[in-house]
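Data first, discussion second: the structure below is written as C-alpha cells.
The values are calculated or read from the model by the stated rules, or taken from the named source; none is laboratory data. Here the structure is a predicted model, which is why all the values come from computation and not from measurement. Because the Cβ atoms are built from the backbone with ideal geometry, glycine has one as well, and the counts that use them run over all protein chains shown.
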C-alpha cells in the first residue's frame, strides 16, 4: 500500500519563502522608484508653473509700462540679504512695479511710493536672473532670462546650469494699441 503524502517538505517551503522574498523585494524597490520619481516630477511641474506665472505677470507689466528701466546686471538668487533690484516699470495707471532678486524673484507694486502688493516666484539658490532691453523696429523689447533653470535637468547639475529660460515682450504694447 502506498502512503499519500499530506503537506509540503521543508525544502519546498524554503524555496517558496525565498521566491516570495525576491518578489516582495522587487516590488518594494519598484514602489520606492515610482515614489521618488513622482517627487521629482512634482518639483519640475511646480517650477514650470512658477515660471509660466512669472512670464504672464512680466508680460502684462511690460505691456502696460510707460517707462521701463533695467539695472543690466545678472543677479544670483540667494546672494544678497536685501535683494537686488533688476528692473523697474512705471505703469499707465500711476503705479510702479519693481522686480527684485532675493531668495527668489519678488515683484513689488508701489503706489505713491508705498508698497501695495508683493508676489514671489520660487527660484533655486544659485540661479541667475537678468532683465535687459533692446530696440527692434522702433519698439523696445524687454527680455527676462533665468539661467540655470532646473526644468527637466535629469539630475545633471552642469547641464542645468547651462539651461536658460527666457521671456520676450514689447514694452508699452497695450499703451501703443490704445493710442491708435
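Inclusion of residue 24 among residues that are under 15 Å from residue 105 (Cβ atoms) and either in contact (Cβ under 8 Å) with a residue 60 or more places away in the chain or surrounded by 10 or more Cβ atoms within 10 Å (Cβ to Cβ) (or both) is not warranted.
Those residues that are within 21 Å of the chain's Cα centre (by Cα), part of a strand (DSSP E or B) and touching a residue at least 12 places away in the same chain (Cβ under 8 Å), I need them from region 99-113; list them, please. Once the filter is applied, which keeps residues that are within 21 Å of the chain's Cα centre (by Cα), part of a strand (DSSP E or B) and touching a residue at least 12 places away in the same chain (Cβ under 8 Å), region 99-113 yields 99, 100, 101, 105, 106, 107. Residues of region 82-98 that are in contact with a helix residue (DSSP H, G or I) (Cβ under 7 Å, 6 or more places away or on another chain) and assigned to a strand (DSSP E or B): 89, 91, 97. Filtered by the rule that a residue be under 20 Å from residue 110 (Cα atoms), in contact (Cβ under 8 Å) with a residue 24 or more places away in the chain and not in a loop (DSSP other than H, G, I, E, B), region 56-81 gives 57, 58, 59, 61, 62, 63, 64, 65, 66, 68, 70. Restricting region 70-90 to residues that are modelled with pLDDT of 90 or more and more than 11 Å from residue 130 (Cα to Cα) leaves a set whose member that is surrounded by the most Cβ atoms within 10 Å (Cβ to Cβ) is 89. For region 143-158, the criterion of a residue being more than 15 Å from the chain's Cα centre (by Cα), at pLDDT 90 or above, surrounded by fewer than 16 Cβ atoms within 10 Å (Cβ to Cβ) and not in a loop (DSSP other than H, G, I, E, B) is satisfied by no position.
Does residue 116 satisfy the criteria of being modelled with pLDDT of 90 or more and either in a loop (DSSP other than H, G, I, E, B) or closer than 16 Å to residue 171 by Cβ (or both)? No: the conditions fail for residue 116. One residue is enough: does region 31-51 have a residue meeting the conditions within 15 Å of residue 131 (Cβ to Cβ) and touching a residue at least 60 places away in the same chain (Cβ under 8 Å)? Yes: region 31-51 contains one or more residues that are within 15 Å of residue 131 (Cβ to Cβ) and touching a residue at least 60 places away in the same chain (Cβ under 8 Å). Can you tell me which residues in region 91-108 are in contact with a strand residue (DSSP E or B) (Cβ under 8 Å, 6 or more places away or on another chain) and surrounded by fewer than 16 Cβ atoms within 10 Å (Cβ to Cβ)? Of everything in region 91-108, those that are in contact with a strand residue (DSSP E or B) (Cβ under 8 Å, 6 or more places away or on another chain) and surrounded by fewer than 16 Cβ atoms within 10 Å (Cβ to Cβ) turn out to be 92, 94. Scanning region 121-139 for residues that are in a strand (DSSP E or B) and surrounded by fewer than 15 Cβ atoms within 10 Å (Cβ to Cβ) turns up 134, 135, 136, 139.
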